[in-house]
Amino acid sequence: QTLWQQLGEAGLLGVAVAEEYGGMGFGFTELALFIEEVGRTIAPVPVISHLVCAALPIQHFGNTEQKQRLLPGAASGEMILSAALMESLNENACAPLSVTASATADGLVLNGVKTCVPFADRAERVLLSAKTAQGVVVVLVDPKAKGVKLSEVKVTTYEPQFELDLDNVVVAAADILVAETQGAAAMQWITERASAAICAHQ
C-alpha cells in the first residue's frame, strides 16, 4: 500500500494517462519502461492489470464521463482498477464463453465466471468481456455489486488473484465501455498490449 501511494505521488501511475486527467501524457513505450523497472525489482504492485488492462483502455475507448470519473483516481493511485481476461479453459478474452450479457432497460445483466483476476478485492472497477447474442461487449464491473462473489485463487506469483462469479449482476449503461459491434476488436487491442507489458515486466 505504501509503495503504491509513493508511485502515485511520484506521478508514475499516470505515465500514460493524458495530462487533462492528471497524468504525464506519455505513450505505451514510456509505460513499458516503467513496467520493466517494476519487474526488475519484483515490486508487488498491480501495474499491468491497473494501467495496461484497465486505465489504458478506458482512456482509448471510454467516453468523456468515464474518463473524468475513473482516470484521475487511477493516475493518482487513489483507486485501483483491474481486468478479468481469463475464463476456465479459455484464455481468449476476445471470445468469452463463460460470461454472458443480456440487455435490460438500463444496461446489461451479466452471468458467468472469470478467473485469475488480480486485486479484485480492492478494485473500483474490473474490466471484462462478455458474450451477447450479437457479439462481445466490454464492461466495467463493480466487484462490490450485488451478485458478485469473489473467491481467492492461489497462484505461484503470490499476487492476490480471485475468481469472479457473476450471478445476475447489473451493469449500468454508464459502465459499458465498448458496444458489442466493436467489443472483440477492443479486447484484441487490450490483450496485445497486455502481452507486450508482461514481456517488459519479465
Take the Cα gyration tensor of the chain, multiply each eigenvalue by 5, square-root it, and list the three semi-axes largest first, rounded to whole angstrom.
-> 26, 19, 16
Fraction of accessible area attributable to carbon and sulfur, region 137-186 (%, probe 1.4 Å) = 53 percent
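Report the extension gain between residue 102 and residue 78 in nm, rounded to one decimal, defined as 0.36 nm multiplied by the number of residues separating them, less their alpha carbon distance.
Working: separation 24, 0.36 × 24 = 8.64 nm, distance 3.21 nm.
Stretched fully, the residue 102-residue 78 segment lengthens by 5.4 nm.
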Per its Cα gyration tensor (rounded if a/c is under 1.5, else prolate when a/b beats b/c, else oblate), region 1-108 is best filed as oblate
Heavy-atom accessible area of residue 198, protein chains in place, probe 1.4 angstrom, given in Å² to nearest 10, is 80 Å²
Give the accessible surface of the chain per residue, rounded to a whole number of Å², with probe radius 1.4 Å and ligands, DNA and RNA excluded.
-> 48 Å²
Taking each full run of DSSP H in the chain as one helix, which ones are at least 24 Å long along their axis (Cα atoms) and have mean Kyte-Doolittle hydropathy of at least -0.5?
-> 183-201
In percent, what relative contact order does region 103-142 have, based on Cα pairs under 8 Å that are 6 or more apart in sequence?
-> 29 percent
Please list 61, 162 in order of solvent-accessible area, largest first, computed with a 1.4 Å probe with all protein chains present.
-> 61, 162
So, with points 7 Å from each Cα along the Cβ direction, the residue 64-residue 150 label distance in nm works out to 3.3 nm
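Could you list the square roots of 5 times each eigenvalue of the Cα gyration tensor of region 74-128, that is, the equivalent ellipsoid semi-axes, sorted largest first and rounded to whole Å? List each step's numbers first, then the result.
Numbers: eigenvalues 94, 56, 15 Å².
Gyration-tensor ellipsoid for region 74-128: 22, 17, 9 Å.
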Restricting to lysines and to Cα separations under 29 Å from residue 154, and discarding same-chain partners fewer than 8 apart, the set is 114, 131, 144, 146
Round to the nearest 0.05 the FRET efficiency obtained for residue 92 and residue 2 when R0 = 45 Å and r is the Cβ-Cβ distance.
-> 0.75
With springs connecting C-alpha atoms under 10 Å apart, model the chain as a Gaussian network and identify which of 47, 113, 155 has the largest mean-square fluctuation.
-> 155
Quote the charge dipole size of region 1-127 about the Cα centre in Debye, to the nearest 20; the model charges only the Cβ of Lys and Arg (+1) and of Asp and Glu (-1).
-> 200 debye
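Within a Cβ distance under 12 Å of residue 169, other residues only, what is the Lys/Arg minus Asp/Glu net charge? Could you put the intermediate results ahead of the total?
On the way: positive: 114, 144, 146, 149; negative: 142, 165, 167, 175.
Surrounding charge for residue 169 is 0.
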In whole percent, the fraction of accessible protein surface over region 1-55 that belongs to carbon or sulfur atoms, probe radius 1.4 Å, stands at 55 percent
Simple spin-label estimate for residue 185/residue 198, 7 Å along Cα→Cβ, in nm, reads 2.5 nm
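The values are calculated or read from the model by the stated rules, or taken from the named source; none is laboratory data. From a predicted model like this one, the values you see are computed outputs, not experimental measurements. Quick reminder, even Gly has a Cβ in these numbers, built from the backbone with ideal geometry, and neighbours come from all protein chains shown. The area values use the complete protein model at the heavy-atom level, side chains included, leaving out ligands, DNA and RNA. Shrake-Rupley method; radii C 1.70, N 1.55, O 1.52, S 1.80 Å.
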